[in-house]
Structure formats: C-alpha cells, structure tokens
C-alpha cells in the first residue's frame, strides 16, 4: 500500500500504510505561531504531556503533546512539507 496525500491548499491529510501498527488515527499535526505557548495552553487544558523537543532536521514536528485520550499531536512553527 502506498501513502495517499490529500490537500485543499490549506489543510493536508496524509493516509499512510499501518506498517505493523494498529490501523486508525496515528497522530494529528498543527502549524502554530508558538509551539511553546500552544503547548502550555494544551497542557493547562488536559494534554497528558508537555511539549517534548524533537530533532529539528525536518523528520519530525518541532514538539509533540498527547491529547486527553493519548493521541499524539504534533506542533510545528514551520508547517509540514511532503
């Protein structure tokens, strides 16, 4: 199975093969003005973990938090590039 990328020019949706992981929503990603401020607000309103720095070489979003049910949420000031 190949990856499928859908976009309206503003919202991007990547449908990726499960590759040994359970099928379903793997994570969400958002481009934000400030990952620090967004992470602070998210944790204050129920996110399970604070923002965690990630490598800034383009492989990952800049920070990841988890929503109240554990779904990873990527935060980036630079956006996502396919």
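The values are calculated or read from the model by the stated rules, or taken from the named source; none is laboratory data. None of the values given here were measured: they were computed from a predicted structure. Glycine gets a Cβ as well: all are built from the backbone with ideal geometry, and neighbour counts include every protein chain shown.
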* Looking at (1) assigned to a loop (DSSP other than H, G, I, E, B); (2) at pLDDT 80 or above; (3) more than 14 Å from the chain's Cα centre (by Cα), can you tell me which one residue 6 breaks? -> (1)
* To do: Search the stretch 1-19 for residues that are loosely packed, with under 10 Cβ neighbours inside 10 Å and pair each with any residue that is assigned to a loop (DSSP other than H, G, I, E, B) when their beta-carbon atoms are under 7 Å apart and the residues are at least 6 apart or on different chains.
  => 1/17; 3/16; 3/17
* Among residues belonging to the stretch 32-53 that are surrounded by 14 or more Cβ atoms within 10 Å (Cβ to Cβ) and modelled with pLDDT of 85 or more, point out the one that is nearest to residue 72 (Cα to Cα). => 42
